């Protein structure tokens, strides 16, 4: 299997107890240890680098990727989306869902797949959801890897002003515009050290427009932002995490400042933190081998420790 392309696998769906219908894909042998990848804010399951997924499959994992609620082909929530002013003022409606609700979606997916436990890996907002899974469902978490994420504490992990201004622009209205905007955003928050594949970024954005909600996708993203806001400072909850934890952050992150990763590692007893020099808020192809080795090593050590404890 090529490291640049995944075997064609159709989207599958499952209904979970939260009332959401979750779109997902699985890769690898059914006998492999489950590895759940949780995507970030507004990102579809197709955002995960194919070479990263292939690397895990080649190492023997059963890889699960999925669209969070309000993105891609998963269910859209019915609550009104908070506007930019309410997001800036960190106000959301009483009916807004939380990261805990999104974590329940993921657990429902594991239930559907008859996976009692999984190595949980999340990036950005997905890292927040992964932390929530580890804190609230310790019996379901073999290990936790949190990539360029944070605890929700307002004093850490805040985006650069330049990033906030880019996100505050009116939503794109066409397929071509969303491709241009996505490329510009990733070029800004990504890395000045590692090159980005512009063609691949444009292809992702075009595909996301087609399989998602087009010009209305920003409404789901706004509701996900509302979930982050409503969940607030999760430091106390993060401190309850007992699963072996790996924190990965780049030193050039303009979306979630490195202080967010540092705070997460400090809150979790025994957590290991790795800073990847030159990485921003994006996983470039050149970093995939590094990240694959880090996560695989962490997962294997975690599984071995669990076996010895039984």
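For the chain, the antiparallel share of DSSP beta bridges with both residues in that region comes to about 25%.
Across the stretch 181-310, Cα-Cα pairs more than 25 Å apart make up 42 percent of the total.
Remark on the stretch 12-309: ratio of C-alpha radius of gyration to 2.2 N^0.38 Å is 0.92.
From its DSSP helices (H runs of at least four residues, each -39,500 (n - 2.57)), the chain gives a residue-normalised ellipticity at 222 nm of -12500 deg cm²/dmol.
Counting every other Cβ atom within 10 Å of each residue's Cβ, 148, 56 order from fewest to most as 56, 148.
Compute the whole-percent fraction of alpha carbon pairs in the stretch 1-88 spaced more than 16 Å apart. For the stretch 1-88, the share of Cα pairs beyond 16 Å comes to 59 percent.
No lab work stands behind these numbers, since they all come straight from the coordinates. Model, not experiment: these values are computed from the prediction. Because the Cβ atoms are built from the backbone with ideal geometry, glycine has one as well, and the counts that use them run over all protein chains shown.
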